[in-house]
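Chemist: Structure in structure tokens, see below.
Read the figures in this text as sums done on the coordinates, not as results from a lab. Please read these numbers as outputs of a predicted model, since none were measured by experiment. Every residue, glycine as well, gets a Cβ built from its backbone with ideal geometry; the counts of neighbours run over all protein chains shown.
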Amino acid sequence: MQPLFLEPVFKERIWGGTTLKKEFGYEIPSEQTGECWAISAHPNGPSVIKNGPFAGMTLDKLWSEQPKLFGNPEEKVFPLLSKILDANMDLSVQVHPDDAYAMDHENGELGKTECWYIIDCKEDADMIFGHSALTKEEFIEQIGNGKWNELLRRVKIKSGDFFYVPSGTIHALCEGTLVLETQQSSDTTYRVYDYDRRDAEGNLRELHLEKAIHVTTVPHQDSDVTPKVEKREGVTVTTFVDSEFFTVYKWEISEKANFCFDDRYLLLSVIDGDGAMIYHGERYPLDKGAHLITPVGFGAFEIEGNCNVIVSHT
Ligand code: ZN
């Protein structure tokens, strides 16, 4: 068995930039690259296995053809999606549906609960998280009157912050933010407000107000997630969230640390520093910007070096 390293897929966005190249050395398609789909089995951009016997295979194919690697799961589709987002400009204000709504209205797609680890951001950065309406009527009225400043709640952010964004939460990343996002494997976004921006052809992007109003949680609910920090030899483990959709950790490794995971597969993304994974006598480099999966049954491994890794599992 080997760790499965993945080749990301990049997405150009009107709000994207070049930070994914500057920070991680990725070959990006243009100066407006917004998203790195790092660990993805979603049909809109599956990542490809880079090494070992499954090299060249997309993750969705691996999921269906080698179910043992994932513990013979019941789910038809790989449930998670890890991305890095370069918000060079403000993203549209948006909301995502839950599983039940997406199943009925988006051809059986999963809902989208997501979470963000702020890798880096400009000084005094903020984001939109939640709204002030107390009833649906008030929410609809404020949208109708374009009272965005009154309606949308702004929150200050700094690097190292973590936000859990359940489906139904109004949100938007704002200019100057680099984020590692862990989410359900879904590509369904309902746009509420796009700052009246026009694309290269002079067109406004489509809004999805009716669906957005339907799925938005009113009044806004702040989710109660408190990170837990545990230190042991060579590593500080911060558990950011342990939810019904995913568990997300940060491992801050210094020098050398030992791990053992057997009964679940892990998604790992190296967001800072570099090191190497030592597994059954083989050495696998963990460069900044590397993304990998350790399959079910992987067992004990060691990570050497000084690096920060965002780790998730279902
Ligand atoms: Zn979102």
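Chemist: With the radius of gyration and the Kirkwood radius both derived from the Cα set of the chain, what is their ratio Rg to Rh?
Modeler: Answer for the chain: 0.97.
Chemist: Mean residue ellipticity at 222 nm from the helices of the chain, using -39,500 (n - 2.57) per DSSP H segment of n ≥ 4 over the full residue count, to the nearest 500 deg cm²/dmol?
Modeler: The helix contribution divided over the chain gives -3000 deg cm²/dmol.
Chemist: Could you size up the charge dipole of region 4-215 around its Cα centre, putting +1 on the beta carbon of Lys and Arg and -1 on that of Asp and Glu, and report it in debye to the nearest 20? Display every interim value, and only then the final one.
Modeler: On the way: 22 positive and 36 negative charges, 76 e Å.
With only Lys, Arg, Asp and Glu charged at Cβ, the dipole is about 360 debye.
Chemist: Taking the alpha-carbon centroid of each part, what is the distance from region 1-41 to region 117-156 in angstrom?
Modeler: Distance between centres, Cα-based: 28 Å.
Chemist: Which whole-Hz ³J(HN,Hα) couplings does region 130-136 yield from phi under the Karplus relation 6.51 cos²θ - 1.76 cosθ + 1.60, θ = phi - 60°, glycine and proline marked x?
Modeler: Values, residue by residue: x, 8, 9, 5, 9, 9, 4 Hz.
Chemist: So, with +1 on the Cβ of K and R and -1 on the Cβ of D and E, and no other charges, what is the size of the charge dipole of region 235-294 about its Cα centre, to the nearest 20 debye? Working shown, then result.
Modeler: On the way: 5 positive and 10 negative charges, 23 e Å.
The dipole of region 235-294 has a size of about 100 debye.
Chemist: How large is ³J(HN,Hα), in whole Hz, for each residue of region 234-246 in order, when computed from phi with the Karplus curve 6.51 cos²θ - 1.76 cosθ + 1.60 and θ = phi - 60°, using x for Gly and Pro?
Modeler: x, 8, 10, 9, 9, 8, 7, 8, 9, 10, 5, 9, 6
Chemist: Among F245, I278, P219, which residue has its Cα furthest toward the positive end of the charge dipole of the chain, with +1 on Lys/Arg Cβ and -1 on Asp/Glu Cβ?
Modeler: I278
Chemist: Turning to a different aspect of this structure: Going highest first, how would you order 122-128, 286-292 by mean Cβ packing within 10 Å?
Modeler: Averaged packing, sorted descending, gives the order 286-292, 122-128.
Chemist: How many percent of DSSP beta bridges within region 4-215 run antiparallel, rounded to 5?
Modeler: 100
Chemist: Something else now. Post the alpha-carbon centroid distance, region 177-198 to region 289-307, in whole angstrom.
Modeler: If we compute the Cα centre of each part, the gap is 29 Å.
Chemist: Let me ask you something else. Between F10, S92, G34, whose Cα lies farthest towards the positive end of the dipole of region 1-105 when Lys and Arg beta carbons carry +1 and Asp and Glu beta carbons carry -1, centred on the Cα centre?
Modeler: F10
Chemist: Follow-up. Per-residue HN-Hα couplings for region 145-152, Karplus 6.51 cos²θ - 1.76 cosθ + 1.60 at θ = phi - 60°, whole Hz, x for Gly and Pro?
Modeler: 8, x, 8, 5, 5, 6, 6, 8
Chemist: Sticking with this one: Report, to two decimal places, the Cα Rg of region 21-99 normalised by 2.2 N^0.38 Å (N = number of residues). Display every interim value, and only then the final one.
Modeler: Numbers: Rg = 15.3 Å, N = 79, 2.2 N^0.38 = 11.6 Å.
Relative to the 2.2 N^0.38 Å estimate, region 21-99 comes out at 1.32.
Chemist: Now a separate question. To the nearest 20 Debye, how big is the dipole of region 151-300 about its Cα centre, given +1 on the beta carbon of each Lys and Arg and -1 on that of each Asp and Glu?
Modeler: About 320 debye.
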